[in-house]
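The values are calculated or read from the model by the stated rules, or taken from the named source; none is laboratory data. Small disclaimer: the values here were computed from a predicted structure and weren't measured. In this analysis, Cβ positions are derived from the backbone assuming ideal geometry, glycine residues included, and neighbour counts consider all displayed protein chains. Accessible surface areas use protein heavy atoms only, side chains included; no ligands, DNA or RNA. Shrake-Rupley method; radii C 1.70, N 1.55, O 1.52, S 1.80 Å.
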Amino acid sequence: MPPVIQLLDGPWTLELTRVGDLEAVALAAEARIAKGLAIPGEGDRVRATHIPDTLLSGPIPATVPGCVHTDLMAAGLLEDPWVGLAESAQHWIGACDWTYRTTLPPVRAAARHELVFEGLDTIADVTLDGARVLEARDQHRSWRVDVTDRLADGTRHQLEVRFQSPTRWAAERERRLGEWPRNYPDPMNQIRKQACDFGWDWGPTLIGAGIWRPVSLVSWDTARLDEVRVSATAPGGIAQLSADIRVARADSAINGPLEVEVRVASHVATVDVTGDTVRVDLSAPGAGLWWPRSHGTPALHECVITLRDAAGAVLDTWTRRVGFRDVAIVSEPDALGRSFAIHVNGERVWARGADWIPDHTYQTEVTPARLQERIDQAVAANMDLLRIWGGGTFESDAFYDACDRAGLLVWQDLPFACASYPEDPDTLANVAAEVHDAVVRLGSHPSLAIWNGSNECIWGWFDWDWQEPLAGRPWGLGYYLGLAPRLLAELDPDRPYQPSSPWSGSLDIHPNDDAHGTSHLWDVWNRLDYEAYRSHRPRFVPEFGYQAPPTWATLRDALGADGMRLGSPELLAHQKASGGMAKLQRGLDRRFPGIERLEDWHFLAQVEQARALWVGLTHLRSLHETCSGAVVWQINDCWPSISWAIVDVAGRPKPAWYAVRAAYRDRLAAFAVDPDADRPHVALVNDHAEPWRAQGQLRRVGFGGDVLASAVVDVSVAPRGAAMMVIPGALGTPGDRRRELLVLDVDGTRDTWWFGDDDDLATTPPELDVTVTPTPDGATVEVHARSLARDLCLLADHVAPDVTVDRALVTLLPGESVTFRVTARTPIPAAVLEALGRAPALRAANDFVARVG
């Protein structure tokens, strides 16, 4: 008989069982203010330490999976931290101890009973009828506890999970072991918990606890599949499956014959199990291969592994969809330094990707439908890779399933980010268990392409003043160059690993050297203009980005009416990057000085983000032969933040999403600048299996629409190839830099080149004729330009929050037209339809510059 799995989803209660040191909470809040992660405000100490009186009187209902914050909100005891300044009133939660309780349902008679916790966040002591059965100290792993001797058939038992304060536990550990340098005030590097819970430069400080993944009671007899590790590869293009299987027997004295059957793609292999482990190798000729979406079809095949006894009775079954593919990192020395490229099934993949952070403040709120929406947005933006960043955790099965189906490669960081880490025995043991659990749970997913040891940790040791305070102590390198690669070579040898991002391939070369391996391009955001992206010649870029506020509707919901003004405390509370507002203003002052209204600042900051990513991506793609990938920081957000996300937390794309979609299209024609030259060229990139042959037009045009010079662009680019076209001098040299631009039109796409910044150009606000027409699913907004319109956007969420628009950032020459298609979930009222045709919904960048003469 197969195992009986009882999901323990309720009823549960939650109780505050110990009030923390509130003075320490207040001091921590002040430390965050000093670090620039929070804004100073009257009463911050009081708000950070206020506990609702009702909570002190007894337990409240709880949801499992869930967390303390969501249970308190459901009980009406906590404000939504996304709104206004509410986040600053919730820091006490992480300083307290909390207990979850439930009563187990009656269990049937069985040889074995096991409690299975798929995720505990984080410092948890589990008791059954008052007896401790588990001490869990790691959010990133699962736990299985044999409770057979503690359960009696037909009786009910009380299960308690008591969570210690993560902030107190981490602080006490730091006092005991010593301080390891990190980028944020709280000792997040002392605890194996999602680091960004302690605050990040895009996220709130909401340090909670909870049973964040399912918990179940598993009852079984005879034997079960204890562990299955499947590797599906394609050497020489032939599908091969290897399954390493461990069997648990109810009694070590039971050594009767068992049988394992592996079935995949109409092929079957059967092996006798004589001990506790068995390996099954199976060839599946003719099975279609899994390809990233940019290179083919992501073919999936159902794999079923069945455990039977000697009589043929089914004891347990494991079922997954697998994909056959080979994946490798090719990193070799060359004339420039050291290459870095992802190869799938022997073909180089020019990675077009984005970084992924936790998709919600509370991981338990991330549903499969929400994940699917984000994956769909990545696909619609022409991406073929998502990188799961190391300050979060391993994603849910639903995430990898969606990437498998979509043909998205997944680069998976291990949970280390922006800090040094102690290498004590307890942490080593937990990290080893994390790696093991991750391989077992995720290793069958064809989308999972790369294991990466850490995010910016080796870079930190080089550049972030860690070496003196570390004084020779181990700081994490033993995980990245020792433990992780050793375990992965044993458990998952067919998937590549690299120690960190960025990484040059050697400790003898700076980890963020453009010429070697991977590099993060943060000089632009931190101190330079985005045109400086063109000075880099990297080999592969796993991170670069530029900030902007969320869409207007999302911002309005977060700030409230009183906060919707520049400089408001509510606005500043949603900017977590130290100096972030000043860095945004630096770019705006160069092109759009004197902006004073929030609506104007909001739109232009979004335009700046979109332009920055367009410049960066088109430049990197123009380096097609020497650079092999770009990964935008970041696709998603966890709360309504002024951040680098291109899709905000409500799922609304920013203008930057449209810019990324255009820059990532398979066939790209765009202006580029060779770092060794001081004039534009035309880059032609064909990331397609077929040759690209087309004819386009390149024009130098006056702002009034007059064509001053032109040339035909003959496009002939080989499959997966690129070419650079030099612009003839007469065509590329303006007669008047302030009144002319270059326009490139190829295959229905357009790029423009301006000979100066917006504030230096003799542009005027566009004159537009607008026609809004209702449609069965929304509306069309047809715009005819009587004068030049640059970066025209329809920000429909200003007036109709639940709509989508098909395009953004359109530049029209005088006499040209464009039609925006608006899709709505419900009919759009007539008054709203009319508002779609004017500001603040319809805006162009040259609305804000009126220089004449």
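The share of Cα pairs per 5 Å bin across region 702-853, counted from zero up to the longest distance, runs 2, 8, 16, 18, 15, 14, 11, 9, 6, 2, 0 percent.
Name the residue from V4, I329, A89 whose Cα lies farthest towards the positive end of the charge dipole of the chain, charges +1 on Cβ of Lys and Arg and -1 on Cβ of Asp and Glu. Projecting each Cα onto the dipole axis, the largest value belongs to I329. Simple rule: put +1 on each Lys or Arg Cβ and -1 on each Asp or Glu Cβ in region 765-853, find the dipole, and look at F848, L813, L792; the Cα lying farthest toward the positive end is F848.
When every alpha-carbon pair in region 640-718 is counted, what percent end up more than 17 Å apart? Result for the distance tail: 65 percent.
Only loop residues by DSSP count here, and only those with at most 11 other Cβ atoms within 10 Å; note down the chymotrypsin sites (Phe, Trp or Tyr not before Pro) in region 143-227 that meet that. Numbers along the way, then the final one.
Values: sites: W143, F163, W169, F198, W200, W202, W212, W220; in loops: W202, W212.
When the chymotrypsin sites (Phe, Trp or Tyr not before Pro) of region 143-227 are filtered for loop state and at most 11 Cβ neighbours within 10 Å, nothing remains.
Rounded to two decimals, the Cα radius of gyration of region 488-555 over 2.2 N^0.38 Å is 1.50.
Placing a pseudo-label 7 Å from each Cα along the Cα-to-Cβ vector at T773 and T274 gives an inter-label distance of 7.7 nm. Could you size up the charge dipole of region 776-853 around its Cα centre, putting +1 on the beta carbon of Lys and Arg and -1 on that of Asp and Glu, and report it in debye to the nearest 20? Dipole of region 776-853, to the nearest 20 debye: 240 debye.
All C-alpha pair distances within region 571-663, sorted into 5 Å bins from zero, spread as 3, 12, 21, 23, 20, 12, 6, 2, 1 percent across the bins.
Could you give the size of the charge dipole of the chain about its Cα centre, using +1 on the Cβ of each K and R and -1 on the Cβ of each D and E, expressed in debye and rounded to the nearest 20?
960
For the chain, averaging the sequence separation of C-alpha pairs within contact (under 8 Å, six or more residues apart) and dividing by the residue count gives a relative contact order of 9 percent.
Spatial offset of region 61-136 relative to region 754-811 amounts to 49 Å, using the alpha carbon center of each. Here's how it looks for K654: its modeled amide H is under 5 Å from those of V647, D648, which are all 5 or more places away or on a different chain. Between amide H atoms placed 1.01 Å from N, distances below 5 Å from G778 occur with A824, all of them 5 or more places distant or on a separate chain. Fraction of C-alpha pairs exceeding 15 angstrom in region 260-299: 55 percent, rounded to a whole number.
Rounded to two decimals, what is the ratio between the C-alpha radius of gyration of the chain and 2.2 N^0.38 Å? Working shown, then result.
Values: Rg = 28.5 Å, N = 853, 2.2 N^0.38 = 28.6 Å.
Computed over Cα atoms of the chain, the ratio equals 1.00.
Using the average count of surrounding beta-carbon atoms within 10 Å as a protection proxy, the listed peptides 614-624, 554-564 rank, highest first, as 614-624, 554-564. Computed in the context of the full set of protein chains, the accessible area of the chain at 1.4 Å probe radius has 50% of its extent on carbon or sulfur. When you filter the trypsin sites (Lys or Arg not before Pro) in region 781-853 for DSSP loop state and at most 14 other Cβ atoms inside 10 Å of their Cβ, you are left with R786, R825, R838, R851.
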